[in-house]
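Colleague: Below is the structure I would like to discuss, written out as structure tokens.
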Amino acid sequence: MKGKEKNLKKQNFISVIVLIMLSTLLILTTLYLTLNFRNKGIKDLVFQIKGGVEGTSPEMMWGIILANVLPFLGIMLVLLIPILIIWKKTGFRTKESRRIKAIYPIGVFIISCVAFYTFLDGPDYLKAVFQDSNMIGENYVRPENVKLTFPEKKRNLIIIYAESIENSIMNKNIGGGWDYSIMPELEKLALENTVFSNTEDLGGFYQTEGTSWSIAGITASMSGIPIKGFLNNQYKSTNFLNGAYSLGDILRKEGYNNEVIMGSKSEFGGKRQFFKNHGNYDIFDLYHAIANGYMTYEDKVWWGYEDSKLFAWSKEEVTKLANREEPFHFVIETVNTHFTDGYLEPGAEEKFSTQYENVHALSSKQIYDFVEWAKGQDFYDNTTIVILGDHLGMQDKFYTENMMKGYDRTVFNTIINPAIPASNNTNRISTTFDMYPTILASMGVKIEGDRLGLGTNLYSNKKTLAEKFGYRNFNEELKKNSEFYNKEILGEDAEDAITIKK
């Protein structure tokens, strides 16, 4: 009997430790994501656990792990203190102490589960699985069915996707949320060119559900549709959004040469799949740079190669494209300003107190210098340059600790050398989707009905869906399951998505 009692006590002890460890993990995950990241919830975790770290830099992953070792041990110790006190006083010999030992860890686990569900948007996860919405089905305009009239001389297009660049880091004197200028060059470009703003001053567009990470923001601004059912770079199908019809599809059909350059592996997040499936872009990524002698694998830094090389090689690639007879569409995706704290290139000026500010400052100069270079080239007069943040910054703590309280964060946008002037570009409630038809319009393309996908041409006077339905309501509907989206946009890929069918 003594042996059985000893084994039972051992099993009880292990059960208590396991419950406390699980509670600690839930509490730490809730705290870490809530304090550090914007719009990160249970849906994101589900996909991340399924393997969404492929392509992520080892330094970043180890940094996150090491940063949480001590907090994990600290939280676990705090949760164990009541158990240790009771054990020291009673040795769990009394019925009351044994009852507390049994109830306490279960209670802690339940409370941690409730906190996890509440603070990490558990309701949004349920919406994505169990609630249906007709928002997309009733308002999606198929781009392939819309009459598009290009100018007689087709304009070239350069899009610069500036990683995580938002308007909060601009000077508050011109509409930003910072007390001083971190990115004066981007501020200058915005003030001197066309910006679609949510205010009278410098502002931007809102991101929505399914547009808050790099490939999702790129997809939304080029296809007018979110990525639903796949989060945190999990969507990597060769049929990437097969039912969508994007900017690349349109321009390829019109005879454009399409190319994209990025400083990371193009497979990360399904970028290769998107650009190949929608416009058959030539892809200049880390692998291309190594395979073609631009660099060696030993030269790799952080995600791949730094933005100084990105822009230097972009100039070479654009020059090649400009020397061809056909018009070109060139996409540049920066990476230095990715969280956490960005990548500060060796020799970069460090005039600000935080690394992330200094990284943003360098990025501003690099983008500006490229634009200035482009202005001096023969192709510039017939070229539109669009600078877009791909999404809001994910390092929430950086923004909340430094920007003005209550500042309404929006994504940065600037259109340089457009074919037409903008007359209705302030106090607009727009989203990433609206950039799709707006970019085409900036090239002088006439769009019948001024709608593509879920986007509205902001050069027109037509209301955006966010203006028509209200941004909050529009975004809430996008969180729900959409049978239209599953069937018409995802097609066969819907079987692998989070839907009610799963």
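The values are calculated or read from the model by the stated rules, or taken from the named source; none is laboratory data. Quick caveat, the model's predicted, so the values are computed rather than measured. Counting neighbours? That spans all protein chains shown, and the Cβs are built from the backbone with ideal geometry, glycine included. Protein only, heavy atoms only, side chains kept; ligands, DNA and RNA dropped before computing areas. Shrake-Rupley method; radii C 1.70, N 1.55, O 1.52, S 1.80 Å.
Colleague: Dipole of the stretch 329-478, Cα-centred, from +1 at each Lys and Arg C-beta and -1 at each Asp and Glu C-beta, to the nearest 20 debye?
Modeller: Using Cβ point charges on Lys, Arg, Asp and Glu, the stretch 329-478 gives about 640 debye.
Colleague: Once neighbouring chains are kept in place and the probe is 1.4 Å, which whole percent of the accessible area of the chain is contributed by carbon and sulfur?
Modeller: After summing per-atom areas, the C and S share lands at 55 percent.
Colleague: Which ³J(HN,Hα) values, rounded to whole Hz and listed in residue order, are derived for the stretch 394-400 from phi using the Karplus coefficients 6.51, -1.76 and 1.60 in 6.51 cos²θ - 1.76 cosθ + 1.60 with θ = phi - 60°, glycine and proline given as x?
Modeller: Per residue, the Karplus-derived 3J(HN,Hα) values read 8, 8, 3, 4, 4, 7, 5 Hz.
Colleague: Give Lys188/Lys265; Lys315/Lys365; Lys315/Lys375; Lys153/Lys320; Lys271/Lys365 a once-over and call out the pairs whose C-alpha atoms are over 22 Å from each other.
Modeller: Lys188/Lys265; Lys271/Lys365
Colleague: So if I place +1 on the C-beta of Lys and Arg and -1 on the C-beta of Asp and Glu, and nothing else carries charge, what would the dipole magnitude of the chain be about its Cα centre? I want it in debye, nearest 20.
Modeller: Here the chain has a charge dipole of around 3120 debye.
Colleague: If you don't mind, another one. Against the longest principal axis of the chain, how steep is helix 58-90, in degrees 0 to 90 to the nearest 10, with axes from Cα atoms?
Modeller: For helix 58-90, the angle is close to 20 degrees.
Colleague: Next question, about the same structure. When the solvent-accessible surface of protein heavy atoms is calculated with a 1.4 angstrom probe, in what order do Phe119, Phe72, Phe284 fall, highest first?
Modeller: Accessible-area ranking of Phe119, Phe72, Phe284, largest first: Phe119, Phe72, Phe284.
Colleague: Can you work out ³J(HN,Hα) from phi for every residue in the stretch 377-384, in order, using Karplus 6.51 cos²θ - 1.76 cosθ + 1.60 and θ = phi - 60°, giving whole Hz and x for Gly and Pro?
Modeller: Once rounded to whole Hz, the list reads 9, 4, 7, 4, 4, 10, 10, 9.
Colleague: Quote the accessible area belonging to Tyr297 in square angstrom, nearest 10, computed with a 1.4 Å probe and with ligands, DNA and RNA left uncounted.
Modeller: Result for Tyr297: roughly 130 Å² accessible.
Colleague: Packing-wise, with mean Cβ within 10 Å as the measure, how do 485-491, 163-169 rank, highest first?
Modeller: 163-169, 485-491
Colleague: Let me ask you something else. Hey, what did the chain get for relative contact order, percent, Cα under 8 Å, at least 6 apart?
Modeller: Relative contact order, the chain: 25 percent.
Colleague: May I pose another question? 5 Å is the cut-off here: which amide hydrogens, built 1.01 Å from N in the peptide plane, fall below it relative to Met443, excluding neighbours closer than 5 in sequence?
Modeller: When sequence neighbours closer than 5 places are left aside, the close amide H contacts are Ala419.
Colleague: Any idea of the accessible area per residue across the chain, 1.4 Å probe, to the nearest Å²?
Modeller: Here the residues of the chain average 44 Å² of exposed surface.
Colleague: Still on this structure, please answer the following. Kindly express, to the nearest 10 degrees and within the range 0 to 90, the angle between helix 307-322's C-alpha long axis and the longest C-alpha principal axis of the chain.
Modeller: So the helix axis and the longest Cα principal axis differ by about 30 degrees.
Colleague: To continue, here is another question. If I histogram all Cα-Cα distances within the chain using bins 20 Å wide from 0, what percent of pairs lands in each bin?
Modeller: Distribution as computed: 22, 52, 19, 6, 1 percent.
Colleague: Let me cross-check Tyr180: its accessible surface, 1.4 Å probe, with only protein heavy atoms counted, in Å² to the nearest 10?
Modeller: Number for this one is 90 Å².
Colleague: Can I ask one more? Can you tell me the Rg and the Dmax, both Å, for the Cα atoms in the stretch 197-286?
Modeller: In order Rg, Dmax, the Cα atoms of the stretch 197-286 give 13.8, 42 Å.
Colleague: While we're looking at this one, here's another question. Could you give the angle, 0 to 90 degrees to the nearest 10, between helix 214-223's Cα long axis and the longest principal axis of the Cα atoms of the chain?
Modeller: It is inclined by approximately 40 degrees.
Colleague: Can I ask one more? Considering only protein heavy atoms, with the full assembly of protein chains and a 1.4 angstrom probe, order Arg252, Arg472, Arg155 by accessible area, largest first.
Modeller: Putting Arg252, Arg472, Arg155 in descending order of accessible area: Arg472, Arg252, Arg155.
Colleague: List the relative contact order of the stretch 397-502 as a percent without decimals, with contacts defined as Cα pairs under 8 Å and 6+ residues apart.
Modeller: 19 percent
Colleague: Go through Gly263, Ala348, Thr30 and say which Cα lies farthest out towards the positive end of the charge dipole of the chain; charges sit on Cβ, +1 for Lys and Arg, -1 for Asp and Glu.
Modeller: Ranked along the dipole, the leading option is Thr30.
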